[in-house]
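The values are calculated or read from the model by the stated rules, or taken from the named source; none is laboratory data. The structure displayed is predicted, hence computed values, not measured ones. Backbone-built Cβ (ideal geometry, glycine too); neighbour counts: all protein chains shown.
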Amino acid sequence: MKTVSRDNKYVLLERHPSNPILTADNWHQPVNAVFNPGAVRLQDGTTLLLCRVEDRRGISSLWAARSKNGIDNWVIDSEPTFPPDPVNHPDEIWGVEDARIVWLEELRKYAITYTAFSRAGPAVALAMTEDFTKFERLGVMMPPDNKDASLLPFRFNGKWLMIHRPQNGLGGSIWLAESPDLNHWGKNRLIMTPRHGAWWDANRIGLGSPLIKTPRGWLMLYHANRQTGAGCLYRIGAALLDLEKPGCCIKRGDEWILAPQENYERMGDVGDVVFACGHTIGDDGDEINVYYGGADTCIALAQGRISKILEWLETHGSSIGESQAIT
């Protein structure tokens, strides 16, 4: 895939011409919206999306959709793959949302971090699965208001690490927590805050898809919200975290790399939103498929190369002073 230049700027993520690749019309029963999928490439090469599907009550469940090429001919489960379980988990009474999926080689399981939504607000919950048919819920890891979380794929100095986004006085910043056992979390450290003022990431930021390990560091795609006269505008940016100390940001892109532009991104239940929760990486270890929600209504695909994003960060990124290192 060739990255093209437009107006003397790199276009790092190219929208697929088939967009949107999944909509409510693809479902077997009436639903309101399909968006914000977690993504994973299974051992046989199949792409699995764990899609957030909002029904006509307003309650979200997670549904698996599978495709051999990650683009079309999706096979969708006939019923919710991971529905809310409000009887055993009251924190899910208003639904389960926005999954991020990471393979934990040590446990030989997929870790799914998701938003459990209830009267108390959004909380970070964790579940494990080997096959996306049976799930073990570990419960809420981060109490409300908190979301946009993902595990890192292995331990650091014996500790598991989790990126998360508590809502706080700064408006919503990206933090890192650690745990000895995936159940007890603490030692929270600030990674990035909104830049405020006129910046595109001025109001609230949070993790996009799970971190990507590269020789230069952990590549982080993140979403950002800016309040405008017409309402909130959600874009996607990139940053690079230290390989050995993921609590330290090395580079933060000054510009966004994907912004609402097409009709399916600008018009929907929540207009002017591109929001990524999942990606897959090609056999070459470089090509990346970013699956994102458009206007909180449909699922779209943008493709690029990790190497190009890293090169862009070198010339379009700056360090941020509030980063803290894991020691």
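Being more than 13 Å from HIS223 (Cβ to Cβ), surrounded by fewer than 17 Cβ atoms within 10 Å (Cβ to Cβ), modelled with pLDDT of 95 or more and in contact with a Gly (Cβ under 6 Å, 6 or more places away or on another chain) holds for only one residue in ASP283, ASP242, and it is ASP242. Checked against the criterion of being among the hydrophobic types (A, V, I, L, M, F, W, C), in contact with a strand residue (DSSP E or B) (Cβ under 9 Å, 6 or more places away or on another chain), under 24 Å from LEU258 (Cα atoms) and exposed (fewer than 15 other Cβ atoms within 10 Å of the Cβ), region 209-228 has no qualifying residue.
THR315 meets each of the listed conditions (1) at pLDDT 95 or above; (2) out of contact with any Lys or Arg (no Cβ under 6 Å at 6 or more places or on another chain) apart from (1).
Could you list, in sequence order, all residues of region 80-96 that are exposed (fewer than 15 other Cβ atoms within 10 Å of the Cβ) and touching a residue at least 40 places away in the same chain (Cβ under 8 Å)? Listed by number, the list holds a single entry, ASN88.
So, in region 47-83, how many residues would count as being in contact with a Ser or Thr (Cβ under 8 Å, 6 or more places away or on another chain) and farther than 26 Å from VAL274 by Cβ? Here the count works out to 1. Quick check: anything in region 112-129 more than 21 Å from the chain's Cα centre (by Cα) and of a type in the set (Lys, Arg)? The answer is yes, given that some residue of region 112-129 is more than 21 Å from the chain's Cα centre (by Cα) and of a type in the set (Lys, Arg).
Among the residues of region 129-147, is there at least one that is out of contact with any Cys (no Cβ under 6 Å at 6 or more places or on another chain), within 23 Å of VAL290 (Cα to Cα) and small (Gly, Ala, Ser)? No; the residues of region 129-147 include none that is out of contact with any Cys (no Cβ under 6 Å at 6 or more places or on another chain), within 23 Å of VAL290 (Cα to Cα) and small (Gly, Ala, Ser).
Look at ILE257 and say whether it is within 19 Å of GLU97 (Cα to Cα) and either among the hydroxyl-bearing types (Ser, Thr, Tyr) or modelled with pLDDT of 95 or more (or both). It is false that ILE257 is within 19 Å of GLU97 (Cα to Cα) and either among the hydroxyl-bearing types (Ser, Thr, Tyr) or modelled with pLDDT of 95 or more (or both). With respect to the conditions (1) under 20 Å from GLY293 (Cα atoms); (2) free of Cβ contacts under 8 Å to residues at least 40 places away in the same chain; (3) surrounded by 22 or more Cβ atoms within 10 Å (Cβ to Cβ), ASP77 lacks only one, and its number is (3). Taken together, the residues in region 28-42 that are more than 19 Å from THR133 (Cβ to Cβ) and either at pLDDT below 95 or in a loop (DSSP other than H, G, I, E, B) (or both) amount to 4. Across region 176-224, what is the total count of residues that are in a strand (DSSP E or B), of a type in the set (Gly, Ala, Ser) and within 20 Å of PRO153 (Cα to Cα)? Here the count works out to 5.
Filtering HIS196, HIS184 for residues that are under 22 Å from LEU138 (Cα atoms), surrounded by fewer than 21 Cβ atoms within 10 Å (Cβ to Cβ) and not β-branched (Val, Ile, Thr) leaves a single hit, HIS184.
Being surrounded by fewer than 20 Cβ atoms within 10 Å (Cβ to Cβ), assigned to a loop (DSSP other than H, G, I, E, B), touching a helix residue (DSSP H, G or I) at 6+ places or on another chain (Cβ under 6 Å) and at negative phi, is that true of even one residue in region 302-319? Among the residues of region 302-319, not one is surrounded by fewer than 20 Cβ atoms within 10 Å (Cβ to Cβ), assigned to a loop (DSSP other than H, G, I, E, B), touching a helix residue (DSSP H, G or I) at 6+ places or on another chain (Cβ under 6 Å) and at negative phi, which makes the answer no. When you scan region 149-162, do you find a residue that is under 24 Å from PRO260 (Cβ atoms), polar (S, T, N, Q), touching a strand residue (DSSP E or B) at 6+ places or on another chain (Cβ under 7 Å) and surrounded by 14 or more Cβ atoms within 10 Å (Cβ to Cβ), even just one? Yes, that holds for at least one residue. Residues in region 229-262 that are assigned to a loop (DSSP other than H, G, I, E, B) and out of contact with any strand residue (DSSP E or B) (no Cβ under 9 Å at 6 or more places or on another chain): GLY229, ALA230. On the stretch given as region 258-293, residues that are within 19 Å of LYS147 (Cα to Cα) and under 16 Å from the mean Cα position of the chain (by Cα) total 10. Restricting the search to region 1-17, which residues are at pLDDT 95 or above and either acidic (Asp, Glu) or over 17 Å from LEU258 (Cα atoms) (or both)? If the condition is that a residue be at pLDDT 95 or above and either acidic (Asp, Glu) or over 17 Å from LEU258 (Cα atoms) (or both), then GLU14 is the only one that fits. Checked against the criterion of being within 14 Å of LYS109 (Cα to Cα), crowded, with 16+ Cβ neighbours inside 10 Å and either modelled with pLDDT under 95 or not hydrophobic (A, V, I, L, M, F, W, C) (or both), the candidates THR133, THR129 yield just one match: THR129.
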